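The values are calculated or read from the model by the stated rules, or taken from the named source; none is laboratory data. Just so it is clear, the structure is predicted and the values come from calculations on it, not from any experiment. Positions of Cβ are backbone-derived with ideal geometry, glycine not excepted, and every protein chain shown enters the neighbour counts. For the accessible areas, the whole protein counts, side chains as well, though only heavy atoms, and no ligand, DNA or RNA atoms are used. Shrake-Rupley method; radii C 1.70, N 1.55, O 1.52, S 1.80 Å.
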Amino acid sequence: MRIVVLRLGHRIQRDQRITTHVGLTARALGAEGMLLDSDDTGIEKSLNEATARWGGSFYVRRITNWKNEVKKWKETGGKVMHLTMYGINLPDVTHEILSHDLLIVVGAEKVPPEIYDLADWNVAVGNQPHSEVAALAIVLDRLQKASGKDPLKTHFMGGELKITPSRAGKEVKSR
Ligand code: SAM
């Protein structure tokens, strides 16, 4: 199951921190990369630095036409899951979504209305407003766990540093 995140509607000044957190969460919890609907190079730089330091092969790709990206993804057989509090609640559609390659779309303030039609599923992580970071984390965890993979057990190859889990303090080794 391939998973790529599409971050829609990023505003360069306002969303820098939260979009970086969307990317970090996507990376840490098993997505292969993030498409960023913006020409903000700062996000790409931060995420590339995290990958250089902590390993793995996560990528950020800035895009200019999100609809084309969605169409291309679908043409290659992938499915599109849009996260919105107005959608079908995740536990009620998980069984349909499993085993597909997924483009997971998360918005910033307000998403373009066309995404509701272009998506194969409009999915809520509970039908209450919260955060794209929380929604993405729960989806990545639940879908992969339901497919038999625990995203918290992912092994990241390469990188400059590796954490040795510790009950007290910080243990970090250089590679
Ligand atoms: N009014 C927006 C909406 O349509 O969901 C809320 C904007 S919210 C701050 C930013 C993003 O967080 C949304 O585009 C959506 O991807 C995600 N989000 C927030 N609450 C969610 C929920 N309960 N389920 C799924 N996604 C959610």
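In the chain, how many lysine pairs have Cα atoms under 17 Å apart, counting only pairs 8 or more places apart or on different chains?
So the count of such lysine pairs works out to 7.
Compute the long axis of helix 66-75 from its Cα atoms, compare it with the longest principal axis of the Cα atoms of the chain, and write down the angle in degrees, 0 to 90, nearest 10. Taking the Cα atoms of the chain, the angle to 66-75 is about 90 degrees. Converting phi to 3J(HN,Hα) with the Karplus coefficients 6.51, -1.76 and 1.60 and the offset θ = phi - 60°, the range 158-164 yields x, x, 7, 10, 9, 8, 9 Hz in sequence order, with x at every glycine or proline. Per residue, the chain exposes 56 Å² of solvent-accessible protein surface, assessed with a 1.4 angstrom probe and all protein chains in place.
Across the range 145-157, computed HN-Hα scalar couplings (Karplus, 6.51 cos²θ - 1.76 cosθ + 1.60, θ = phi - 60°) run 4, 5, 8, x, 10, 9, x, 6, 9, 5, 9, 9, 7 Hz from first to last residue, x flagging Gly and Pro.
Over all other residues within a Cβ to Cβ distance under 14 Å of MET1, the charged ones net out to 0, with Lys and Arg as +1 and Asp and Glu as -1. Taking 0.36 nm per residue of separation and subtracting the current Cα-Cα distance, fully stretching the chain between LEU161 and ALA146 would add 2.4 nm. Calculated [222 nm] ellipticity per residue, helices only, for the chain: -11000 deg cm²/dmol; basis is -39500 (n - 2.57) per DSSP H run with n ≥ 4, divided by all residues, nearest 500.
Calculate the translational D of the chain in whole µm² s⁻¹ from Stokes-Einstein, where the hydrodynamic radius comes from the Kirkwood formula applied to all Cα pairs, the temperature is 25 °C and the viscosity 0.890 mPa s.
147 µm²/s
Ignoring ligands, DNA and RNA, what percent of the accessible area of the range 59-130 is carbon or sulfur (1.4 Å)? Walk me through the numbers before you get to the answer.
Details: 1930 of 3950 Å².
That share works out to 49 percent.
Report the local net charge at ALA50: Lys and Arg +1, Asp and Glu -1, summed over other residues whose C-beta lies under 12 Å from its C-beta. After counting each charged neighbour, the total is 0. Computed from Cα atoms, the angle from the helix 16-28 axis to the main principal axis of the chain rounds to 70 degrees. Here r is the Cβ-Cβ distance between TYR116 and GLU49 and R0 is 35 Å; the resulting FRET efficiency, rounded to 0.05, is 0.50.
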